[in-house]
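Taking it in order: structure first as structure tokens, then the write-up.
Values quoted throughout were computed directly from the atomic coordinates according to the rules given, and no laboratory measurement underlies them. If you're wondering where the values come from, they're calculated on a predicted model, not measured in any experiment. Cβ coordinates were reconstructed from backbone atoms using ideal geometry, including for glycine residues, and neighbour counts include every protein chain displayed.
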Amino acid sequence: MTRPTRPTPNPSRKREGHSADTPSTPAPITLAAITGAHGVAGEVRLKLFGDGIGALKGARSFNDGTLTPTAIRPDNKGGAIARFAEIADRTAAEALRGTVLTVPRDALPPLEEGEFYHADLIGLPVVTDDGEAVGTTSNIMNYGATDIVEIAPETGAPFMVPLIPDAVPDWDSERLVLARAFLP
């Protein structure tokens, strides 16, 4: 299966936003990725990153209006099958393999206490519980048990820690705090 690609960072922007001179626009939220074609009529298979197909069904369009869903259904394997108005055949569907489906943050329901979007953590500076700089968060993954934070240190190879209170006692919009015991 193809791993969804991330957009190339724009060096003129600060972490997922614009500089202080320009009003910032929140980064779009990725809900799914197209993993390939399904059948011959232009449907696509989706890998879901949210809480099931409910988040997708509420979207009127994806990727700034370039993809308009006409049907979305579960694939009974943890993913989904989707049809888009702009995709007429299997060839066009195959060309979308690896495309991520994004929506603006304001198109999603408000977050409950303790909830967050993975995009909110990616790119945050990481410091230890005693304030020492470690690096930045580079990815959030979930293999079923809990979210896993990948950290790109200032030097050395990236490492992963579980997003549990023992490992990550605190985070906010400015930084993520890592318990020193979880350093490699």
Return the long-range amide H neighbours of Val126 (sequence gap of 5 or more, or a different chain), with a cut-off of under 5 Å between placed amide H atoms.
Val134, Gly135, Thr136, Thr137, Leu176
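For the chain, what is the calculated [θ] at 222 nm in deg cm²/dmol (nearest 500), taking -39500 (n - 2.57) for each run of four or more DSSP H residues and dividing by its residue count?
Helix contribution divided over all residues of the chain: -1500 deg cm²/dmol.
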For a label point 7 Å from the Cα of Lys77 along Cα→C-beta, name the residues of the range 26-52 whose backbone N is under 18 Å from it.
32-50, 52
Note: Asp130 to Ala41 extended length (0.36 nm per residue) minus current alpha-carbon separation gives 26.4 nm
Evaluate E = 1/(1 + (r/R0)^6) for Ala95 and Ile164, where r is the Cβ-Cβ distance and R0 equals 45 Å; express this FRET efficiency to the nearest 0.05.
0.65
Exposure proxy order (Cβ contacts within 10 Å, fewest to most) of Asp166, Asp129
Asp166, Asp129
Amide H neighbours of Gly42 under 5 Å, counting only residues 5+ apart in sequence or on other chains, H built in-plane at 1.01 Å?
Arg90
